[in-house]
Structures are given as C-alpha cells and as structure tokens.
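Structure, as structure tokens:
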Amino acid sequence: MNPQGGTAPASGVVAPPYGRVARRLVPLLFAGYVVAYLNRVNIGFAKLEMMGDLRFSDTMYGLGAGIFFVGYFLFEVPSNLLLHKFGARLWIARIMITWGVISGATMFVTSPALFYVSRFSLGLAEAGFFPGIIYYLSCWFPSAHRARIMGFFISAIALSGVAGGPLSGWILHHFGGVHGLKGWQWLFLLESIPSVLIGVCVLAWLPSSIDESRWLSEGERKALKDAVLVDSRGHAQLSARQVFADGRVWALVLVYFMLIAGLYGIGFWMPQILRNAGISSVLDVGWLASIPYGLAAIAMMLVGRNSDRSGERRWHFALSLSTAAAGFLLIGLAGSGALAAVAGLVLATCGVLSAMPIFWTLPTGFLGGAAGAIAVALINSVGNLAGFLGPYAVGALNDATGRQSPGLFLVAAMLALGAVACVALVRRRSDSIPHEIPSR
C-alpha cells in the first residue's frame, strides 16, 4: 500500500497524494464548520437566559431557532451554483464573513420579530456552506476515500459540541453584566469573531480546484484529476431540470429530512434537556453537553472507517439512526433523571453524527459535475427544513403538554422512519444508488 492512502503505483507512475491533500485542506474546512455549527446552535445555550430576559415562550424559541432553515432553504441551491461559478475559495470566504457579522448582530435582538429576522438572515448567509464543502471534497477524493474524509470534516459538529458547550456556559456565567450587556449578548458577539477570521484565512489559503494547488507537482495534480475522473465515469451528468426531476434525489431528501430532525433535536434542545434533568448551573450544563459530542467524535470515525473498509453503506446508516432513535426514547421514558438524560444524549448524538458522513457518500456516488453540486444543495436545503419543522413542533408540544417527552418521541419516530426508508430505498434502487462502493 502507498502511504498516501492509495494502492502502490506502478514504476514511474505518480500516485494521488490523498494524505497530503487531506492534511492541507481538511483542517481549515474543519475549523470553518466548527464555528459554523457553533453559530447555528449556540441559540440553545442563549435560550437558558435569553428567553427569560425577553419573555419568549418555547414555541417562540422553536420558531426562531427553526426559521434559520427557511432562509437556508431559499438560498441553498443558488448559493451552490454560485460556488460552482466563482470558485470555492471566494464563495466560502464570503459565506463565513457574512454569517459571522450577522451572528454577532443577534446580540441586539429585543423582540420576537427581530429574533425571527436575525435567524432568517443567518440562514440566508450560511446557505451553501455545508453542501459546497461536500461537493468540493468530492472533486478531490474518489468515492472509496470519502466516508473517512467526510467523517473527519463532519466530526467538526462533535468538536463544536465538545468545545462549544463549556465555552458557552463559561461566557454566560462570567460575562453577564460586563459593560451593561447580558451574558447571552456576549455569547453571540464573542462566538461570531472566529467565523470572520477563518473566512479571511480561507480567502488567503484555500485553492478553488486541483489546478490551483501549486503546492502539488504537475504529476500529482494529474493523478488526482485522473482518479476523480475514473471514479466519476459512471456518474450521471444531468441538467438542473433533470436533477430536480430525479426520483433518486428526492428519495434521499426524505431520508436526510429524518436525519436532520435528529441532529437539531440534539443541537437546539440538549441544554434544555439537561436543565430539565435537574442541572441548574450553566457551567455544569456546558460541561455535561460536551460528553455526548466527545464520544460521538470517536464513534463517527470508527463507523466511517468500517463503512469504507467494507464498502457497505445502508446498514451502517440504518443502525446509526436506530441507535439515535433509541437515545431519544430513553430520554423521554426516563423522565427527569440526569444519568438517563446523559446516557440518552450519548446514544442520540453518536447515532446521528455517525450517520452523517455515510449519507453523503450516496448522492456524490451517482452524480458528478454541476449535477452533483445541484443535487447536494437540493438534498441539503430541502432536508434541512426538518431543522425548521422539528424545533417548532417540539417547542409547540412542550407548551401544549407541559412535558418534554412528546417532542422527544416525535424525533425518535422520525429517526426510526429514516432508518427504514434508507434500507427500503437502497433495496428498491440497487441499480442506481451505490450501496456497495468498492474500497479501492
């Protein structure tokens, strides 16, 4: 085996330097997604104080948290098309700097209307980042390497939780009242600064394509392009209209919708679940919230590596979602016990995050070029509407019943349905969705 991550080349043939490319590109993209996810879900920690200060109900909070995804949905596909046109370096930098400014401005929210406008605008600004990166990585790495690479990239969600929980709790605890600002105002301001700084780094550092990677030799650039070209020979090259009419894409939208319901069931409600379990200190909530994410970072790398090694996708995905569903059920059934709440959050977080990188090997496995960019954006934008409907439904159920368990059971049911749909989808469409991707 070649130490760069591929099969040893014949004499005189340059091997694709996957290891060196990963070390050069992925850390910066990883850092960008850490702050992206933190800026998206830090509203969950701000809720612990913000809702009382502004007298918002759980329904108002759920609507505001979720309305982010309406803006995200409206601009996702156009944003990915613009990335394809202007290049990853310029467009990703634009996204990060814009969302950093808007996230920081959330500190000035004083009413439900301003809260909704702020969250909607943040969704518009961030649209295109995640699917753009998924498409960007697929242009550098063939399918046999993607679950591990995407697993490392998506593990930024886990690191965001590991670092963001204690950081958010610390800011809320120590900055309240400094210069006349509330702790939640400092939370939005301080956690927005890294987004702008990393956006500037992207502008200076990230190559838009293999051809711009001057740190590789001409032979290495050619080897990378040839490997991706060979891998994409069976990919459909469809027009935008054909992508929107493709049943395979819409089937994956359904599966992803259920996955996202679980992801934001964790991201937006974990602090409140821990508070309801009897954890009163924001510092303790922050530290306990880091445990599920830390274990999930390990789980998702192990699951992704095993999926790549075996070439099997659907059962890895379905079992991960089933584990997450069991976690939500455990929290709902256990009531207010802190130990059961943490155990359930561990299962839910490990399951959801392990499923994410495996899912994204599917659309990039049968669509390439601009069609791949459009498909990824479409799946991500429509699927992410679960990030709007899920938090709103959970908040409304909390207010209507006075209990958190009905909302948790709803999320568990959606995750279970996603697991079943993936198994049924791949079985029915085995001729078109590559559930057995070769490891080399």
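What follows is calculated from the coordinates using simple rules that are stated; it is not laboratory data. Computed from a predicted model, the values in this text were never measured in an experiment. Note that we place each Cβ from the backbone using ideal geometry, even for glycine, and neighbour counts take in every protein chain shown.
Can you list residues from other chains, or at least 5 along the same chain, whose modelled amide H is less than 5 Å from the amide H of SER208?
For SER208, the qualifying residues are ARG89.
With an 8 Å Cα cut-off and a minimum separation of 6 or more residues, compute the relative contact order for region 21-428 in percent.
On the way: 717 pairs, mean separation 112.9, N = 408.
Relative CO of region 21-428 lands at 28 percent.
For Cα extents along the principal axes in Å, several values are listed as (1) 94, 59, 37; (2) 77, 56, 44; (3) 67, 45, 41; flag the one computed from this structure.
Computed from the coordinates, Cα extents along the principal axes in Å corresponds to (3).
On C-alpha positions alone, give me the angle between the axis of helix 314-334 and the longest principal axis of the chain, in degrees, nearest 10.
Orientation of helix 314-334: about 10 degrees from the principal axis.
So for the pair THR110, SER209, with labels modelled 7 Å out along Cα→Cβ, what separation do we get in nm?
About 5.0 nm separates the two model spin labels.
Using the Cα centre as the reference, give the magnitude of the dipole from point charges on the C-beta atoms of the chain (Lys, Arg: +1; Asp, Glu: -1; all else neutral), rounded to the nearest 20 debye. Don't jump to the answer; show the numbers that get you there.
Working: 30 positive and 19 negative charges, 136 e Å.
So the magnitude is around 660 debye.
Which value at 222 nm does the chain reach when only helices count, each DSSP H run of 4 or more adding -39,500 (n - 2.57), with the total divided by all residues and rounded to the nearest 500 deg cm²/dmol?
Details: 18 runs with 337 residues, N = 440.
That comes out to -26000 deg cm²/dmol.
Got a sec to turn the phi values of region 401-411 into Karplus ³J(HN,Hα) couplings, 6.51 cos²θ - 1.76 cosθ + 1.60 with θ = phi - 60°, whole Hz, x for Gly and Pro?
Ordered by residue, 3J(HN,Hα) equals 9, x, 9, 8, 5, x, x, 5, 5, 4, 5 Hz.
Kindly write out, for region 172-185 in residue order, the coupling ³J(HN,Hα) from the Karplus curve 6.51 cos²θ - 1.76 cosθ + 1.60 (θ = phi - 60°), rounded to whole Hz, with x marking Gly and Pro.
Along region 172-185, the couplings run 4, 6, 9, 9, x, x, 5, 6, x, 9, 6, x, 5, 5 Hz.
Normalised by the number of residues in region 209-366, what is the relative contact order in percent for Cα pairs under 8 Å and 6+ residues apart?
So the answer I get is 29 percent.
Explain nothing, just compute: Karplus ³J(HN,Hα) = 6.51 cos²θ - 1.76 cosθ + 1.60, θ = phi - 60°, for every residue of region 337-343 in order, whole Hz, x for Gly and Pro.
Listing the rounded values in order: x, 5, 5, 5, 5, 5, 4 Hz.
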